[in-house]
Amino acid sequence: MYKWNVLQLHEFLSFNPKLRIAEFCDECVVLEGEYDFKAQMRGYEVIAKTFSLKVIFPRAYPRKLPSVIDTSDFFPRDSKYHTYKDGSFCLGSDLKIKSILFRDQTASAFFRKIVDPFLYAVTYRITHNEFPFGELEHGEDGLIDDYEKLFEVKGKASVLKALEALGKRKREANKLACPCNCGLRLGRCDYRFFINKFRDIDRRRWFRSHLVERFTPMEKPKKKTCKAMKSAKKQMR
Ligand SMILES: [Zn+2]
């Protein structure tokens, strides 16, 4: 079970002594207990609170993402608070989490970069009835927000183009319109060097199924002639 060495649990638990290992086997590592949290976002108040959490690192970690569950009833089970019915948190888009874990797979990094910002934002939402940095979008809109930042593009169409490119071999992807909206094919734009870095994070197959499972296809813009045609038809009657 040396594979769990990447978590560096010893270090993490020494800083968080109220969390304990509830399960440790080939299939998963489960931490459970209290998490003493104290953080401040720039320009906002300090939030200090003890949360009751359960954290599950699945076998295929970090390819498969950990889940974090509220074992108290502090977080309302409501999408407004990004908490599912079973108390697990919606921590953000898969690719954002994967790209963070790609660089650092320790439990400490997972908490510092993913769990802590979530706990801060949602606790702030519970006490002030608003998020510190404006509304966190849910579902597809939330994904698009995340991926615009990650891919450094604007708009859903560009996000989908970037994911589509990552689902294809480089040679095929180069023939697609560039997600950066330069008007060139990807193979002609320097953006390809940027987007191709994401290929290290997961396989083409993952990007393909992620695109299909999590996004609705773009609606084709309605042709302008439609209205004109309709009124023309009316007049002919
Ligand atoms: Zn471009």
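The values are calculated or read from the model by the stated rules, or taken from the named source; none is laboratory data. Since this is a predicted model, take the numbers as computed values, not measurements. Heads up, the Cβs are rebuilt from the backbone with ideal geometry, glycines too, and the neighbour counts pull from every protein chain shown.
The residue that is nearest to LYS197 (Cα to Cα), counting only those in the range 128-156 that are in a loop (DSSP other than H, G, I, E, B) and among the charged types (D, E, K, R), is GLU152. Residue by residue through the range 210-226, note down the ones that are modelled with pLDDT under 80 and either among the hydroxyl-bearing types (Ser, Thr, Tyr) or assigned by TED's automatic domain parsing to the domain that holds LYS156 (or both). THR225 - this is the single residue of the range 210-226 that is modelled with pLDDT under 80 and either among the hydroxyl-bearing types (Ser, Thr, Tyr) or assigned by TED's automatic domain parsing to the domain that holds LYS156 (or both). Taken together, SER67, SER52 contain a single residue that is in the same structural domain as SER99 (by TED's automatic domain parsing), within 30 Å of ARG203 (Cβ to Cβ) and hydroxyl-bearing (Ser, Thr, Tyr), which is SER67. For the range 35-62, a residue qualifies if it is farther than 16 Å from PHE118 by Cα and without any contact (Cβ under 8 Å) to a residue 24 or more places away in the chain, and the qualifying residues are GLY43, ALA60. Of the strands (runs of 3 or more DSSP E) lying entirely inside the range 22-110, those carrying at least 2 residues that are exposed (fewer than 14 other Cβ atoms within 10 Å of the Cβ) are 28-40, 46-58. Residues in the range 171-191 that are within 8 Å of the ligand (Cβ to nearest atom) and surrounded by fewer than 19 Cβ atoms within 10 Å (Cβ to Cβ) were compared, and the one that is nearest to TYR147 (Cα to Cα) is ASN181. When we screen PHE131, PHE207, PHE198, PHE151 for residues that are away from the ligand (no atom under 16 Å from the Cβ), buried (at least 17 other Cβ atoms within 10 Å of the Cβ) and of a type in the set (Phe, Trp, Tyr), the only hit is PHE207. Hey, can you tell me all the residues within the range 96-147 that are out of contact with any helix residue (DSSP H, G or I) (no Cβ under 9 Å at 6 or more places or on another chain), under 19 Å from SER67 (Cβ atoms) and modelled with pLDDT under 90? Across the range 96-147, the qualifying residue is only GLY142. Only one entry of ASP141, ASP145 meets the criterion of being surrounded by 14 or more Cβ atoms within 10 Å (Cβ to Cβ), of a type in the set (Asp, Glu) and more than 16 Å from the ligand (Cβ to nearest atom), and that entry is ASP145. Of the candidates VAL159, VAL212, the single residue that is buried (at least 18 other Cβ atoms within 10 Å of the Cβ) and either within 16 Å of the chain's Cα centre (by Cα) or assigned to a helix (DSSP H, G or I) (or both) is VAL159.
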